[in-house]
1. Please give the number of the condition Ala246 fails out of (1) modelled with pLDDT of 95 or more; (2) in contact with a Gly (Cβ under 8 Å, 6 or more places away or on another chain); (3) small (Gly, Ala, Ser).
2. For Ala112, state whether it is surrounded by fewer than 16 Cβ atoms within 10 Å (Cβ to Cβ) and in contact with a Leu (Cβ under 9 Å, 6 or more places away or on another chain).
3. As an exercise: evaluate Leu304 against (1) within 16 Å of the ligand (Cβ to nearest atom); (2) touching a residue at least 60 places away in the same chain (Cβ under 8 Å); (3) in contact with a Lys or Arg (Cβ under 6 Å, 6 or more places away or on another chain) and give the number of the one condition it does not meet.
4. How many residues does region 422-454 hold that are more than 14 Å from the ligand (Cβ to nearest atom) and more than 23 Å from Ser319 (Cβ to Cβ)?
5. Here is a check on your reading of the model: is Val396 over 24 Å from the mean Cα position of the chain (by Cα) and either within 22 Å of Val178 (Cβ to Cβ) or of a type in the set (Ser, Thr, Tyr) (or both)?
6. Being in a helix (DSSP H, G or I) and in contact with an Asp or Glu (Cβ under 7 Å, 6 or more places away or on another chain) is the filter here; which residues of region 182-196 pass it?
7. Do the conditions hold for Ala399, that is, is it away from the ligand (no atom under 16 Å from the Cβ) and either assigned to a strand (DSSP E or B) or out of contact with any Phe, Trp or Tyr (no Cβ under 7 Å at 6 or more places or on another chain) (or both)?
Amino acid sequence: MTKTHRCEAVVIGAGLAGLNAAVHLQDAGLDVRVVEARNRVGGRVRSMRELGGNLEAGGTYIGAAYRRVIAAAARHDVRLIDVTPSLKFFREQDLVLDGAIIRQSEWPAHPANPFPNPDRALMPWTFSRVLTARENPLEEPRNWLDPRQTEHDVSMYEWMRGLGLDDKAIRVGYGMNVSYGEDAQDISALQLLFRAAFSRAQANTSATAGRFPGGESAPSSSSSSVTSTGARGYTVADGVQRIPEAMAESLVQPVHYGRTVGRIEDDGRHVTVFCEGGAEYKAAYAVCALPFTVLRRIDFDPPLHGSQREAVASLPSQSMTQLYFAHKSEFWEADEYAPSLFTDTAAGMFSAIRNGSDPTQIAGFSAWVMGRNASQLDALPPESAGARVIEEIEAVRPAARGQLKFIGRQSWGADPFARGAWAYFRPGQITRFAAAMGAPHGRVRFCGEHLAVANRGMEGAMESGESAAMGILAPRRSRKAELSNQSDQRHH
Ligand SMILES: Cc1cc2nc3c(=O)[nH]c(=O)nc-3n(C[C@H](O)[C@H](O)[C@H](O)COP(=O)(O)OP(=O)(O)OC[C@H]3O[C@@H](n4cnc5c(N)ncnc54)[C@H](O)[C@@H]3O)c2cc1C
């Protein structure tokens with residue numbers, strides 16, 4: 001017989017967004033259940049403990065102004081570490097373009113450099129970031145949703161052409177191992193302007209020597225090793241997954257694992273959430289904390305409509321696959337190129353892993369492969385995908401021949417509970433539906449990184465979870481206040 005769990009709020013999805021919604025609802029006194037399809041919490045935060053050390057497959061870098069993530073770590077006694085000393089190593093990367101390695105020092109005068117003056121010194125992996133930071137019309141990150149910014153909701157290609165760049169500069173400056181979309185035609189410039197405004201806000205905060213917006217001081221807890229002056233960012237000593245794990249441990253009712261939600265029904269008085277395999281949850285409210293790529297496979301009764309329906313059906317998520325490699329020797333000392341390479345090949349961004357306490361030590365390599373290359377690698381069995389990446393590296397770097405061993409893959413695009421690494425907006429989609437796509441649907445509230453208004457990444461997920469919880473709590477609080485006013489008036 002199907003078991004029906006009754007509660008005041010059911011949260012679907014135990015990523016940071018869902019867990020933050022659950023924590024807020026529980027703090028306000030609600031009886032909450034969290035249902036999760038996987039057998040772990042954290043979603044796109046995943047510490048790959050099975051590969052040893054604290055290798056991260058998902059969210060890693062916690063910006064200095066990630067107020068909610070940092071507060072959650074402090075509240076649940078999760079130890080953050082300052083990553084500022086290791087950041088310089090991430091900049092040590094050479095370029096692979098058209099079959100050859102180009103050192104950073106060679107790039108400004110290199111014949112393959114298509115960038116105009118004065119930007120010839122910019123490396124392709126920072127080019128579009130620098131431009132969107134420099135030419136940014138957003139005073140605050142949240143202004144990306146201001147209808148006055150609609151003129152920027154055009155393709156990145158069009159936006160870059162508007163700055164006078166030619167096709168070659170756009171291909172090299174945006175089209176290599178693309179983080180948002182498949183190419184410059186596939187992404188709204190406005191989203192990248194939002195990202196740049198968010199990065200600027202983070203950088204400004206770290207520059208203010210550990211002071212946080214709203215006058216709070218830098219994070220500190222007895223076990224925290226975060227410095228209070230000028231840290232650029234943090235990560236978690238025992239793996240970032242400790243944050244969602246600790247949040248889940250603080251819930252009175254344990255997360256229900258292995259519950260894949262397939263249908264949500266709202267009869268006007270209750271919402272019932274149906275899981276594959278038979279479990280049901282009946283509650284006054286449901287918080288749906290799933291990426292739209294997953295949500296579009298869930299039946300709604302009554303159905304979603306209007307621009308929300310369009311958004312759920314069409315908002316894309318970035319194809320991305322990660323492959324991990326061990327190395328047999330320090331081959332980069334033989335050819336004296338940087339250990340890490342940013343490539344225009346199926347090896348994507350091939351980076352040295354420096355996740356130990358000493359960032360000078362290289363623990364292995366990871367290939368972050370995006371867009372079409374990721375989809376192609378996902379179509380291969382893991383070992384063949386690993387061999388393909390090794391082939392690409394060995395072709396440009398003879399010193400690496402026979403020195404790399406494939407050890408594992410994590411594909412976010414192929415993951416049935418993520419179906420992509422992060423949401424992105426195609427040109428025009430922000431104008432068509434971004435402001436309306438998170439609206440309540442009867443007794444269902446929505447959250448997830450894609451619904452963040454002022455933040456991105458993990459902080460965006462936390463922001464959206466908090467907003468979803470407030471959407472449930474605020475009307476209840478005002479109703480309570482109204483009732484208590486009425487009773488005060490009766491007593492007088
Ligand atoms: C490779 C990578 C690197 C990143 N690096 C950073 C970084 O350095 N800094 C940063 O801030 N952010 C980073 N991010 C982004 C950050 O990890 C995400 O924005 C954030 O974790 C998303 O949280 P979420 O709760 O919105 O979604 P998710 O974490 O995806 O949570 C959704 C949950 O719903 C569950 N679920 C799915 N389908 C169902 C179903 N049918 N029924 C029940 N449960 C279901 C999933 O299993 C999952 O647990 C990175 C992401 C990736 C992929």
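1. Looking at each condition in turn, Ala246 falls short on (2).
2. Numbers: surrounded by fewer than 16 Cβ atoms within 10 Å (Cβ to Cβ): yes; in contact with a Leu (Cβ under 9 Å, 6 or more places away or on another chain): yes.
It is true that Ala112 is surrounded by fewer than 16 Cβ atoms within 10 Å (Cβ to Cβ) and in contact with a Leu (Cβ under 9 Å, 6 or more places away or on another chain).
3. (3)
4. Adding up the residues that qualify gives 8.
5. Numbers: over 24 Å from the mean Cα position of the chain (by Cα): yes; either within 22 Å of Val178 (Cβ to Cβ) or of a type in the set (Ser, Thr, Tyr) (or both): yes.
Here the answer is yes, as Val396 does meet what is asked.
6. Looking only at region 182-196, we keep the residues that are in a helix (DSSP H, G or I), and these are 184-186, 189-196.
Across region 182-196, the qualifying residue is only Leu190.
7. Values: away from the ligand (no atom under 16 Å from the Cβ): yes; either assigned to a strand (DSSP E or B) or out of contact with any Phe, Trp or Tyr (no Cβ under 7 Å at 6 or more places or on another chain) (or both): no.
So Ala399 fails the test.
Every residue, every condition in (1) in contact (Cβ under 8 Å) with a residue 24 or more places away in the chain; (2) out of contact with any Phe, Trp or Tyr (no Cβ under 8 Å at 6 or more places or on another chain); (3) not aromatic (Phe, Trp, Tyr), yes or no:
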| site | (1), (2), (3) |
| --- | --- |
| Ala279 | yes, yes, yes |
| Ile298 | yes, yes, yes |
| Val312 | yes, no, yes |
| Ser329 | yes, yes, yes |
| Tyr337 | yes, yes, no |
| Ala347 | yes, yes, yes |
| Gly364 | yes, no, yes |
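The values are calculated or read from the model by the stated rules, or taken from the named source; none is laboratory data. Note that the structure is predicted; figures quoted are calculated from it, not measured. Cβ: placed from backbone, ideal geometry, glycine included. Neighbour counts: every protein chain shown.
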